[in-house]
Amino acid sequence: MSEKRKKEIQRIKELESINLATDGIRDLVVQTKMEVERDNELLAKQNNEELREHKIKSVDIVGAIGAGKTALIEKIVEILSEKYRILVICGDITTRVDADRIQSHNAETIQINTGRECALNAYHIHQIIENKELDDYDLLFIENVGNLICPSDFTLGTDKRITIVSTTEGEWVIEKHPMLFKMSQVAVINKVDLAERLGTNIQKMIEDAKEINPNIEVITTSAKTGENINKLIEILEL
C-alpha cells in the first residue's frame, strides 16, 4: 500500500448522515433542520425578552460530563444566595441528582429530564418561564446536559453562556470542540488543582480558547478549593 493511501486511510473524511441519503431526503432533512434552528432562535429571543422584562440575569452553563458544572454552581449559589433570589434549571438525561445537590445550597431548582435528547433547547426553557412567577427571582442559572457538542445547536435565550472544561479532559479538549467556545462569552478551565499531577498544559488550553474566540474571557478555577470562584462571579457581573 502506498504512503499516500495510508495517509488517506488514517484521516477518513467525516460523513454526516445527510450525505448518505438520496437527494430528495437530504433536502428535506436540511430544510427541517433549518426550520428547527430558526424556530428555536425566535423562541430564545422571546425567552430573553421576558427574562429581561422581569430584570432577571441569566446564564447558560455548558460542559462535558464530569467537568465540574454542578460543583461550580454549588459554590456560586452558596456565595450569591444572600444577594439574589436564584432559580436553577438542571438538564440531564434522567434523575435529579444535580438539582438536589444545588438545592441544598439555598436555591430553587427545577429538573428537566431530556431522555434521548442530548441538550436543552429554547422550548424547554420557555415552558418553565411560562409557568413560573418570574417576579420571584433575580438570577437564573441553566445547567445544560453534559455534552460539548449538542448544546451548540440551540441557544436558550440567556444573557451569557459559559463553557466549562476541566484539566482531567486533557489539553486538547478545547481545540477538538471549538463550536461552543465560539458561542460563549466565558470559558472556564476547572480542576486546576489536578493540573500538575495530570501534566495538563493549561496555557495551551487558554491559548486555544482565545484563538477560537478572541473576545472570550478565560478563567481557571477549582471547585474543590474555591480558587477563583469570586473572580468568576465578578466576570459574570454578579
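What follows is calculated from the coordinates using simple rules that are stated; it is not laboratory data. Computed from a prediction, not measured in an experiment: that's the story for all the values here. Note that we place each Cβ from the backbone using ideal geometry, even for glycine, and neighbour counts take in every protein chain shown.
Data table
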read-out: Sequence-distant residues sharing a close amide H with ASN147 (under 5 Å, placed H); value: GLY63, ALA64, ILE65
read-out: Dipole magnitude of the chain, debye to nearest 20 (Cβ charges: Lys/Arg +1, Asp/Glu -1, about Cα centre); value: 900 debye
read-out: The stretch 158-226, Rg to Rh (Cα coordinates; Rh as Kirkwood inverse mean 1/r); value: 0.95
read-out: Restricting the stretch 114-196 to trypsin sites (Lys or Arg not before Pro) in coil, as DSSP defines it, with at most 12 other Cβ within 10 Å; value: ARG116
read-out: Among GLY24, GLY115, GLY226, residue whose mean-square fluctuation peaks in a GNM of the chain (springs only between Cα atoms under 10 Å); value: GLY24
read-out: Distance from the stretch 53-113 to the stretch 115-162 (C-alpha centre basis), Å; value: 11 Å
read-out: Calculated [θ] (222 nm, deg cm²/dmol) that DSSP helices of n ≥ 4 give over the chain, each run adding -39,500 (n - 2.57); value: -12000 deg cm²/dmol
read-out: The chain: most fluctuating residue of GLN111, GLN31, GLN127 per GNM, C-alpha cutoff 10 Å; value: GLN31
read-out: Karplus-derived 3J(HN,Hα), 6.51/-1.76/1.60, for each residue of the stretch 217-224, Hz, glycine and proline x; value: 8, 10, 9, 9, 9, 9, 5, 6
read-out: Which labelled figure in (i) 62, 45, 32; (ii) 50, 38, 34; (iii) 67, 49, 34 is Cα extents along the principal axes in Å, once derived from the coordinates; value: (iii)
read-out: Exposed-site-free run, longest, the chain (rule: GluC sites (Glu not before Pro); DSSP loop; at most 11 other C-beta within 10 Å); value: 134-236
read-out: Evaluated at q = 0.12, 0.21 Å⁻¹: base-10 log I(q)/I(0), Debye formula over Cα of the stretch 71-207; value: -0.52, -1.37
read-out: Selected from ASP135, ASP208, ASP98 as most flexible by GNM, with the chain as the system and alpha-carbon contacts under 10 Å; value: ASP135
